[in-house]
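A.B. asks: I'd like to ask some things about the structure below.
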Amino acid sequence: MFPSPGPQRSVALVVAVAAAALGLTGCSVDASQQKPESKSFRYAGTTLKLTTHEVATELVAADRTDIKVTRWFDAAAGSEHLTWTLKGDTLDIDAGCSGIALCDAKFKVEVPRGIAVTKDGRKTGLTGRKPAPTTEKTAPEKTAPAGKS
């Protein structure tokens, strides 16, 4: 009897609302421009499971005895959700927004050298094995015979 508004009209409405929200916020968020927050966790394990929820995360082996997490976060719209918890051998980090949202986040996770780390279920370059020492062979210095230069 009456035609339904159809999917095109619904999509147009969502796009219009999102555009209006972004226009009000100035459309600029950049986590790297924000002051970082840090949190450290005591950890005595030899393996760590890191869950990032697809947030950009730099993973670094460092000369330390704890795990240090640094977070940069910027939001202009939406409901924020920020998480960093260590339960057992799982470090769960997340930062984002929901709803009509505009936000940016990144993390840096520093772990003690010698800990094997999986990130979002995948192996990383941090295998827990210490790198083999490098042995550089150097040629002996040549010296000129006495009296000759």
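A.B. asks: Restricting attention to the range 45-71, and to residues there that are charged (D, E, K, R) and assigned to a strand (DSSP E or B), which single residue is farthest from residue 33 (Cα to Cα)?
C.D. replies: 49
A.B. asks: Please verify whether the range 62-73 includes one or more residues that are surrounded by 13 or more Cβ atoms within 10 Å (Cβ to Cβ) and more than 18 Å from the chain's Cα centre (by Cα).
C.D. replies: Yes, the conditions are met somewhere in the range 62-73.
A.B. asks: Can you spot a residue in the range 27-47 that is in contact with a Gly (Cβ under 8 Å, 6 or more places away or on another chain) and either at pLDDT 95 or above or open to solvent by 50 Å² or more (accessible area, probe 1.4 Å) (or both)?
C.D. replies: Within the range 27-47, one or more residues are in contact with a Gly (Cβ under 8 Å, 6 or more places away or on another chain) and either at pLDDT 95 or above or open to solvent by 50 Å² or more (accessible area, probe 1.4 Å) (or both).
A.B. asks: Identify the residue in the range 77-108 that is of a type in the set (Gly, Ala, Ser) and open to solvent by 50 Å² or more (accessible area, probe 1.4 Å) and, among all such residues, is nearest to residue 46 (Cα to Cα).
C.D. replies: 88
A.B. asks: While we're here: May I ask you to list the residues in the range 32-56 that are more than 20 Å from residue 112 (Cα to Cα) and hydroxyl-bearing (Ser, Thr, Tyr)?
C.D. replies: Selection gives 32 alone.
A.B. asks: Also, quick follow-up: Inside the range 26-38, can you point out the residues that are outside any loop (DSSP other than H, G, I, E, B) and over 14 Å from the mean Cα position of the chain (by Cα)?
C.D. replies: Matches in the range 26-38: 33 only.
The values are calculated or read from the model by the stated rules, or taken from the named source; none is laboratory data. Bear in mind the structure is a predicted one, so any value in this text is a computation, not a measurement. We place every Cβ from the backbone using ideal geometry, glycine too, and count neighbours over all the protein chains shown. Calculation scope for accessible area: heavy atoms of the full protein, side chains included, ligands and nucleic acids excluded. Shrake-Rupley method; radii C 1.70, N 1.55, O 1.52, S 1.80 Å.
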